[in-house]
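Contents: one structure, followed by commentary.
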Amino acid sequence: MTLRVGIISANWGAFAHLPAWRSLPGVEVVGICTSRRETAEAAAKKFNVARPFWNAEDMAADPGIDIVDCGTRPNLRHAMVLAALRHGKHVYNGIPCAANIDQARELRDAWKTSGKVAIVDAFSQWLPAHQRLREMIDQDFLGRPLGGSCFFNLSLFNNPSPYFPYNWFAQAGQGVSAMRNLGSHALHMLVFLFGEIEELTASDNRVLEEWRFADGKIIAPETNDYACLILRFRSGLVLQLQVSWSATLGSGWLLDAFGTRGRFISKAPSFPTSRDTTLQAGSLGGSLQPVEIPARFTQAPDIGITADVDPQPAYPMALSMRRMIEVIRGGRQPAAPDFDQAWTVERVLEAARRSSAERRWVRLEEIA
């Protein structure tokens, strides 16, 4: 049975999600949705998609669609995802999962009662280097986790371009911030690798008060762009997390963790991708050495693309989507990262928000 996909978004959805879906056997992208008829029809023609939609509710209600891929702004996505679940669709949802904890809870509850498969676009855990890293952790390479650091610092708005499609990140009320966006991606990775977070303390601020464009235009951002967290995991691991989208000469992605038996470093010069995310590791008494990524993580015989494909996010997305399809068709392994993991991350984000506002440690058990 062919599973039919409708994509909401002619930007990131068409650029990265579309080639990922098209790489999967037994899947067909049949619809694309934007906010206006003229842009929807233009996108359908440009990307060779059969059916344009300019109302997400219509797409959600259409019996000719099985999966709704929703990639627009968090505050807009909420109603769209609820509509998709209400109409019996499976859902591929963007990051962050929701605009705030209340909306996240509503999405989690709607998913639980729907009986459908729902995952989020936290594809970094499917990167070959990170899949290898999880395998090493499962093989007890680290031993008992002790400590580490995670930095995810980008320079998105230090020299902003007027053509950058995400300049709306400056606007309050959209459900975005460096902590909610970059932090969501980082936290999905950390939860995937290390499990449950028990408590944290955080500082969430805005450090760049103006975005200055080359033409002289100035935007005063209303969102926070720099967050620092200390995370205490159930395993005993204590790890510091720093994220910013306004970091001067941003260094990209770095995860450095050590345990009683070993240490590893995952690194990428910008957003982690299949091609440029490297892995180093070393055991107690030795030294850090490059870790080879086996071919089983960089290519899959039942996917029509490999880790070298452009755009780079398409390959890890395809792996996540493949797992989703397997579950829809009755597979026993859980979809990943599903709405349960997304709810876990949203609870951490809410704990961080409270910690920063109230200047205290917050236990995750407080967020229900």
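The values are calculated or read from the model by the stated rules, or taken from the named source; none is laboratory data. Since the model is a prediction, treat every value here as computed from it, not as a measurement. Note: ideal-geometry Cβ built from the backbone for every residue, glycine included; neighbour counts use all protein chains shown.
Here are the numbers for the structure shown:
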quantity	calculated
Filter result for D276 (outside any strand (DSSP E or B), among the acidic types (D, E) and at pLDDT below 95)	no
Residues of region 43-76 satisfying the condition of being touching a residue at least 24 places away in the same chain (Cβ under 8 Å), small (G, A, S) and over 22 Å from E106 (Cβ atoms)	A43, G64
Strands (runs of 3 or more DSSP E) wholly inside region 5-93 that include at least 2 residues being surrounded by 24 or more Cβ atoms within 10 Å (Cβ to Cβ) and out of contact with any His (no Cβ under 9 Å at 6 or more places or on another chain)	27-33, 90-93
Positions within region 137-157 being part of a loop (DSSP other than H, G, I, E, B) and either crowded, with 17+ Cβ neighbours inside 10 Å or basic (K, R) (or both), in sequence order	F141, L142, R144, L154, L156, F157
